[in-house]
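Just so it is clear, none of the values below were taken in a lab; they were calculated from the coordinates. Keep in mind that this is a model prediction, so the values were computed, not measured. Reconstructed Cβ throughout: ideal geometry from the backbone, glycine too, with neighbour counts over all protein chains shown.
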């Protein structure tokens, strides 16, 4: 039983490694380097939350933080 679990884990790890290498090689050869997962944009305005860099827009005009 334990040996079959180890085999399944090894096969899964091998498949994941080969898929990762395939993507890296495709990216180096001028293929699509973007992740396949859709990127969700965070839209904070109209939801009552503050924008990540400028703060909320409920008061005075926001200013960028000084470094």
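Between residue 64 and residue 33, the FRET efficiency estimated from the beta carbon spacing at R0 = 30 angstrom works out to 0.50.
The label-point distance for residue 9 and residue 22, in a model that sets each label 7 Å from Cα toward Cβ, rounds to 2.5 nm.
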